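Only one structure is covered here, and it is reproduced in the block below.
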Amino acid sequence: MRKNRRKMPPFKAELVRRIVNFETSFERVFLAQVKISLIDTTLTGVYLYLILPLFGVELPFKLTVLVIAFIVGLIPVAGNLISNTIIIILSLGASLYVAVASLVFLVVIHKLEYFLNAKIIGSEIESWELLVAMVVFERIFGVGGIIVAPVYYAYLKNELKQQKLI
């Protein structure tokens, strides 16, 4: 039997191309964010389970903090703020010095993340662009906008590049 090999109509071809483009954008951003969250959670675990105990400090709820750090770490930028806030509050329960040390440690980790983020995602999306997109999407769509902003922004930027508009 001979296969019927018709060429796709232009609308369908463009729709399929855009769906594939969106899928690729989603996959890139999501997998990169999982990697970044794993690295962040690992470094946080080293801090909570190795570094602080070396100085005689035992924070409560360490495992819970790590689980929360990983889950909220999947949300770019905002996730770090949430997990950092939890760690600082728990550190304040130990002492002001532990809270300051935790803050310094977390700032250093997240500065390292900028380099990792650029390496993992690539230099196609700048951190400031992503932050602006997240703020705009949050204003338009609420909390859910923060979560979907990185994917839609990566998709939009990819579309604009393919059309040679940027």
Does anyone have the angle between helix 10-46 and the longest principal axis of the chain? Alpha-carbon axes, 0 to 90°, nearest 10? 10
Which of the listed residues, 37, 78, 140, is farthest toward the dipole's positive end in the chain, when Lys, Arg count +1 and Asp, Glu count -1 at the beta-carbon? 140
accessible surface per residue for the chain, probe 1.4 Å, DNA/RNA/ligands not counted, whole Å² -> 67
Relative to the first principal axis of the alpha-carbon coordinates of the chain, what is the inclination of helix 78-94, with its axis defined by its Cα atoms, in degrees from 0 to 90 and to the nearest 10? 10
Rounded to the nearest 0.05, what FRET efficiency is calculated for residue 103 and residue 49 with R0 set to 30 Å and r the Cβ-Cβ distance? 0.95
Crossing angle, helix 127-141 versus the chain [Cα axis fit, 0-90 degrees, rounded to tens]: 80
Would you list the P(r) distribution for segment 52-166, with all Cα-Cα distances sorted into 10 Å bins from 0 and each bin expressed as a whole %? 12, 36, 30, 16, 5, 1
In whole percent, the fraction of accessible protein surface over segment 40-166 that belongs to carbon or sulfur atoms, probe radius 1.4 Å, stands at 75
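The values are calculated or read from the model by the stated rules, or taken from the named source; none is laboratory data. Keep in mind that what you see is a predicted model, and the values were worked out from it rather than measured. Note that each Cβ is placed from the backbone with ideal geometry, even for glycine, and that neighbours are counted across all protein chains shown. When the accessible area is computed, the model is the full protein with side chains, heavy atoms only, and any ligands, DNA or RNA have been set aside. Shrake-Rupley method; radii C 1.70, N 1.55, O 1.52, S 1.80 Å.
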